[in-house]
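Okay, so here's the structure we're looking at.
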Amino acid sequence: MSSRSTVELGRFAKADVRRSTFIYAAGQPLARGVHVGRIDIAATLARLGYAEVRRSPNAPGQFRRAGGAWDIYPRAAGRPIHLDVADERIARVTRDGKEIDAAALEGVVLAGGGDQTNEAYRPIHLGEVPPALVQAVLAAEDHRFYDHGPIDLRGLARAAWANLSAGHVRQGGSTLTQQLVKSRLLSRERTFSRKVREAWLSALVEWHYSKQQILEATPPMVWSPTTRARSSCRRHFSRGRFPVRARSIAP
């Protein structure tokens, strides 16, 4: 049993590593002579999630355009850069008032290691998202997450009664831990033996990982179900550390 548990925990950890793998395009060079229209610098910055600001950028991931100039704060460069543009070409690149040969933006993500066709997986930490978003996920998926173990017997009883009263399946009784186990280690088949294995693996995961680690990895916190939703989320949440307000979170 001990060796089997080690194997399953290893599979669980490998799934996270695989889904956290990304393939990047080469970073866009910004040098004298580059045609800003042909590289579509505005669209490139948008794909990278840069936020346009009115004042000089003071944080990575910000940019400002004014007349024939661009001020950009690349995430990897450490300091803002200034681009003077003439006839739609970069005429000069400077950093801290000193001319430099070139700079570059970070590469755009081309593909990830997610298992689902349109899955956009990015590991997060709870400190990166507003408490209201975490509370919304818990309210919708497992409001007693911090009060029960890997299986919520009260939730199972409630779901069974609701389904029996309705004459069809209306509610599910799976905890967030069970959802995570199903998404990483199990098939979609609905059999008694799979449910037993799901319960065992959920107990194993809760024994080895903290509630916070489990919540950070659960599907509701990291998945966007469609390409359109994924791109919308990137535009909305790409400004640093998820600066979304409570009123922006749909109930």
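Data for the structure
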| read-out | value |
| --- | --- |
| Cβ-defined net charge surrounding ALA91, 14 Å radius [Lys, Arg +1; Asp, Glu -1] | -2 |
| Rounded if a/c under 1.5, otherwise prolate or oblate - the range 24-110, Cα gyration tensor axes | rounded |
| Total formal charge among the other residues, if their Cβ is under 12 angstrom from that of ASP152, Lys/Arg +1 and Asp/Glu -1 | -1 |
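Only the coordinates and a few stated rules stand behind these numbers; no lab work does. The structure displayed is predicted, hence computed values, not measured ones. Backbone-built Cβ (ideal geometry, glycine too); neighbour counts: all protein chains shown.
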